[in-house]
Amino acid sequence: MSQFDPNRGRGGNDGPPDLDEIFRRLNQKLSRLLGAKPPVTGGSPSPEVSPGGIFRGGALAVVGVVAALWLGSGFYVVDASEEGVVLRLGSYSRTTGPGLGWHLPYPFEKVEIVNLTEVRSLEIGYRGSAKNRIPEEALMLTDDQNIIDVQFSVQYDIKDAKDFLFNNAAREKDAKDIVKQAAETAIREVVGRNKVDFVLNEGRAQIAVEAQTLIQQIVDRYKLGIRIAKVNINDVQPPQAVSAAFDDAVKAGQDKEKLRNEGQAYANDVIPKARGLASRLMEEAEGYRQRVVDNAEGDASRFTSVLSQYAKAPKVMRDRMYYDMMQQVMSNTSKVVVDQKGGGNLLYLPLDKLMQQAAPGANPAQAASAAAPAPAVAAKPAAAAPARSGRDLTDRAGRTAETTGEE
């Protein structure tokens, strides 16, 4: 069949179906769906559907499909870690939890899905690594007027979806610009209250805790719906221009601490010894004092008792005291000169040798030599010695007689 055949497409057995027939059947079905009367039976031909009716039926069908799609666009799904905030004409309407939800389709309502458990991170003072420093963010002033370089990061999440959406005038996603401003304000205030040595050495953990608390207070004051999870102090160091001077200062501080520890160790060694020596001297002095006091009291008591006896018999007590004194004096000397009446020889008694012989452990040879009789002394020297001794004894006897006569 030629393509210019006028019977082409009219339902012949050897050609495609007639398009008019297909369109007619489609209109009939739509008319029945829309409530049109069915065609008359009995062999009479069905009434023709007007083109206006066909257009109206098709428009209604399209409207129905569009309406169904429009209403279906209001369905949404909220995950377990999320919350849905429904906005009606731009104003807050309600907050929905996890699960399937529906809202009036656009433009009446829309839903904002906010992830509450996602931890967002913000770097301040650096980007990516410590080498990529941002001086305008990292440099800050301490309490003792020193400049220091602090690099830290802030981790936060969302605790209130409504406040996060409606009280947040952030220009960046996840409100990083507002959190950054609050973090810089807090860290500068905390560092400004502490000395540079504390910030550089042992105060990092405390500064991180105080900065986290202060940032949370700032965002809560603004009602941003943000919770600060953690503040990490990554690096604290002096500026590169003065790092050498800071190293020298740190070394000097370490030397100072070392010398202080050595001095403390020496003090711990010397002070207890000095205290022990002082305590021993105090004890010895106390013992000496007690001994002197006791001796004095004993002497006083003995003198009192002797005085009472002397008052009863003065001569007897004088003689006894004289003999006791002579015995005490003579017992401490090793040689004694004896005056023999009517003799011209001086007898020399080696009492020191005799005492050594009487002492335990004496040498037998020395004892034998001490026991040998001493040779006689020459008469002339011996005569001089007894003369002096006799004169002394005569003077002593005269003094004794005078004393007796006075009594």
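Each value in this text was obtained by applying a stated rule to the coordinates, not by laboratory testing. Quick caveat: nothing in here was measured; it's all calculated off a predicted structure. Positions of Cβ are generated from backbone atoms using ideal geometry, with glycine treated the same way; all protein chains shown enter the neighbour counts.
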For the range 70-216, what is the relative contact order in percent, using Cα pairs closer than 8 Å and at least 6 residues apart in sequence? 18
With θ set to phi - 60°, apply the Karplus curve 6.51 cos²θ - 1.76 cosθ + 1.60 along the range 286-294 and write out the HN-Hα couplings as whole Hz, x wherever there is a Gly or Pro. 5, x, 4, 4, 5, 5, 5, 4, 5
Restricting to lysines 8 or more places apart or on different chains, can you count the pairs in the range 120-238 with Cα atoms under 26 Å from each other? 23
Quick check: pseudo-label points 7 Å beyond the Cα along Cα→Cβ at Asn234 and Lys251, how many nm apart are they? 3.0
Could you calculate the FRET efficiency of Asn261 with Ala205 from 1/(1 + (r/R0)^6), where r is the beta carbon distance between them and R0 is 25 Å, rounded to 0.05? 0.55
Residue by residue through the range 195-209, the couplings from Karplus 6.51 cos²θ - 1.76 cosθ + 1.60 with θ = phi - 60°, in Hz, x for Gly and Pro, are 6, 5, 5, 5, 5, 6, 10, 8, x, 5, 4, 5, 5, 4, 5
For Gly203, what residues show an amide H to amide H distance below 5 Å, using hydrogens built from the backbone and excluding near sequence neighbours? none
Give me the number: length gained by fully extending Gln356 to Glu297, i.e. 0.36 nm times residue separation minus the C-alpha to C-alpha distance, one decimal in nm. 17.6 nm
Scalar couplings 3J(HN,Hα) for the range 296-301 by Karplus 6.51 cos²θ - 1.76 cosθ + 1.60 (θ = phi - 60°), nearest whole Hz, x for Gly and Pro, are 4, 5, x, 4, 5, 5
Under 5 Å, built H, 5+ apart or other chain: amide partners of Arg227: Asp157, Ile158, Lys159
In nm, the gap between the two label points placed 7 Å beyond Cα toward Cβ at Gln181 and Asn167 is 1.6
Once R0 is set to 51 Å, what does the formula 1/(1 + (r/R0)^6) return for the Cβ-Cβ distance between Ala80 and Val242, expressed as a FRET efficiency to the nearest 0.05? 0.45
Mean separation of Cα contacts under 8 Å, 6 or more apart, over the residue count of the range 75-115: relative contact order %: 48
Loop-located GluC sites (Glu not before Pro) in the range 160-269, at most 12 other Cβ atoms within 10 Å (DSSP): Glu172, Glu202
Using R₀ = 45 Å, calculate the FRET efficiency as 1/(1 + (r/R₀)^6) where r is the Cβ-Cβ separation of Lys195 and Ser73; round to 0.05. 0.15
Non-local residues with an amide H under 5 Å from the amide H of Arg94, with H modelled 1.01 Å from N and Pro and chain starts lacking one, are Val86
